[in-house]
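> Below is a structure I'd like to ask you about.
The values are calculated or read from the model by the stated rules, or taken from the named source; none is laboratory data. Computed from a prediction, not measured in an experiment: that's the story for all the values here. Note: ideal-geometry Cβ built from the backbone for every residue, glycine included; neighbour counts use all protein chains shown. With ligands, DNA and RNA removed, areas are computed over all heavy atoms of the protein, side chains included. Shrake-Rupley method; radii C 1.70, N 1.55, O 1.52, S 1.80 Å.
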Amino acid sequence: MDTHPTFSCADELRHWPTDETRARAVQDRLRTCVRLDESGPPPGFAGTVVGVDVAYDDARNVVAAAAVALDAQTLAVVDEATAVGEVSFPYVPGLLAFREIPTVLDALTRLTRTPDLVVCDGYGLAHPRRFGLASHLGVLTGLPTIGVAKNPFTFRYEPPGPERGATSPLLDRDGVEGVDEEVGRALRTQKGVKPVFVSVGHRVGLDQACAHTLHLAAAYRLPETTRAADSLCRRALARA
DNA sequence: GCGACAG
DNA sequence: ATCTTGTCGC
């Protein structure tokens, strides 16, 4: 009578790296498990989209994570969960997953339903080793994931058109002329506001990732999943 | 060596 | 991420 969704990543958690060298080795190993051949749940599907986010209190060395499930069609909140832990990895650009994922997984497993799609704060494929937070969380859980970031990180892009829904390719910084690879997309979710940066995580295509993001960002620049998770983890941190 | 860098 | 006041605008 276990109603909690379970994920087969206990082994990875037991062997969680504590230094940068081993962390990069983990990324290089797990990268081969990412599935980029599935388009994922179609826009407008009947199910839940879960947003995850984390907040920190450096002074107390405490981290709080939140997972909020929204009805994919109405965007109504249907479930939410939080988890509190100890900060166990420093912020290192390119290694964000090792700082955030343990507590995020804890919160995810406290949901009463299995997510159909998970939206992360940060990147997936758009990553120095093509294995960002969203990719990592996807491989560990097996769930379809995407990343929606607020900043272009190390990538370059031309500003998308001014209208909501306009996109432009997110390109690797050191791409040589003519061989640039599109690692994600800058997506204008609201007219006249800075774009967000979308990349695929696991088992979702880039077109679908952008479509989901646009649908989730019907009212504000950021997806409702991100806004709800951000708000909840801050509240959880405050009472921790 | 220097700069830059999701959250 | 987090530290932080007022202020401009719908």
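> Of (1) at negative phi; (2) within 11 Å of DNA strand B (Cβ to nearest atom), A:A72 satisfies all except one. Which?
Only one criterion is unmet by A:A72, namely (2).
> Applying the selection to region A:26-35, what residues are open to solvent by 20 Å² or more (accessible area, probe 1.4 Å) and either part of a strand (DSSP E or B) or in contact with a His (Cβ under 8 Å, 6 or more places away or on another chain) (or both)?
A:V34, A:R35 - these are the residues of region A:26-35 that are open to solvent by 20 Å² or more (accessible area, probe 1.4 Å) and either part of a strand (DSSP E or B) or in contact with a His (Cβ under 8 Å, 6 or more places away or on another chain) (or both).
> Give A:V183, A:V204 a once-over and let me know the one that is farther than 26 Å from A:Q73 by Cβ and more than 16 Å from DNA strand C (Cβ to nearest atom). Break it down stepwise before answering.
Working: A:V204 fails: farther than 26 Å from A:Q73 by Cβ.
Exactly one of A:V183, A:V204 is farther than 26 Å from A:Q73 by Cβ and more than 16 Å from DNA strand C (Cβ to nearest atom), namely A:V183.
> May I ask you to say which residue of A:R60, A:R129 is within 12 Å of DNA strand B (Cβ to nearest atom) and either more than 21 Å from A:T213 (Cβ to Cβ) or assigned to a strand (DSSP E or B) (or both)?
Values: A:R60 fails: within 12 Å of DNA strand B (Cβ to nearest atom).
Selected residue: A:R129, the only one of A:R60, A:R129 that is within 12 Å of DNA strand B (Cβ to nearest atom) and either more than 21 Å from A:T213 (Cβ to Cβ) or assigned to a strand (DSSP E or B) (or both).
> Restricting attention to region A:7-25, and to residues there that are of a type in the set (A, V, I, L, M, F, W, C), touching a helix residue (DSSP H, G or I) at 6+ places or on another chain (Cβ under 7 Å) and part of a helix (DSSP H, G or I), which single residue is surrounded by the fewest Cβ atoms within 10 Å (Cβ to Cβ)? Let's see the steps before the verdict.
Initial filter on region A:7-25 (of a type in the set (A, V, I, L, M, F, W, C)): A:7, A:9-10, A:13, A:16, A:23, A:25.
Checking which are touching a helix residue (DSSP H, G or I) at 6+ places or on another chain (Cβ under 7 Å) leaves us with A:7, A:9, A:13, A:16, A:23.
Now restrict to residues that are part of a helix (DSSP H, G or I): A:13, A:23.
Values: A:L13: 13, A:A23: 19.
The qualifying residue surrounded by the fewest Cβ atoms within 10 Å (Cβ to Cβ) is A:L13.
> Further question on the same structure: If you take the residues of region A:188-212 that are over 12 Å from the mean Cα position of the chain (by Cα) and not in a loop (DSSP other than H, G, I, E, B), which of them is surrounded by the most Cβ atoms within 10 Å (Cβ to Cβ)?
A:H212
> Then there's this: Which pairs do you get when a residue that is within 20 Å of A:V200 (Cβ to Cβ) and part of a helix (DSSP H, G or I), found in region A:213-240, comes within reach of a residue that is of a type in the set (D, E, K, R) and within 11 Å of DNA strand C (Cβ to nearest atom), reach meaning Cβ atoms under 7 angstrom, with the pair 6+ apart or on two chains?
Hits for this filter: A:T226/A:D53; A:T226/A:D121; A:A229/A:D53.
> Would you check if there is a residue in region A:43-53 being under 18 Å from A:C9 (Cβ atoms), in contact (Cβ under 8 Å) with a residue 12 or more places away in the chain, open to solvent by 10 Å² or more (accessible area, probe 1.4 Å) and outside any strand (DSSP E or B)?
Within region A:43-53, none of the residues are under 18 Å from A:C9 (Cβ atoms), in contact (Cβ under 8 Å) with a residue 12 or more places away in the chain, open to solvent by 10 Å² or more (accessible area, probe 1.4 Å) and outside any strand (DSSP E or B).
> Scan region A:102-122 and give yes if some residue there is open to solvent by less than 30 Å² (accessible area, probe 1.4 Å), outside any helix (DSSP H, G or I), within 15 Å of DNA strand B (Cβ to nearest atom) and over 29 Å from A:D180 (Cα atoms), otherwise no.
Within region A:102-122, the subset open to solvent by less than 30 Å² (accessible area, probe 1.4 Å) is A:103-105, A:107-108, A:111, A:115, A:117-122.
Subsequent filtering for residues that are outside any helix (DSSP H, G or I) retains A:111, A:115, A:117-122.
Those still in the list that are within 15 Å of DNA strand B (Cβ to nearest atom) too: A:118-122.
Adding the requirement that they be over 29 Å from A:D180 (Cα atoms) leaves none.
No, region A:102-122 has no match at all.
> Still on this structure, I have one more. Considering region A:66-101 alone, what residues qualify as being assigned to a loop (DSSP other than H, G, I, E, B), farther than 16 Å from A:Y56 by Cα and either modelled with pLDDT under 95 or small (G, A, S) (or both)?
A:A72, A:A76, A:G94
> Is one or more of the residues making up region A:113-135 within 15 Å of DNA strand C (Cβ to nearest atom), without any contact (Cβ under 8 Å) to a residue 60 or more places away in the chain and of a type in the set (D, E, K, R)?
no
> Let me ask something additional. So for region A:66-85 (the condition being among the hydrophobic types (A, V, I, L, M, F, W, C), within 15 Å of DNA strand C (Cβ to nearest atom), closer than 24 Å to A:L30 by Cα and open to solvent by less than 20 Å² (accessible area, probe 1.4 Å)), does at least one residue qualify?
no
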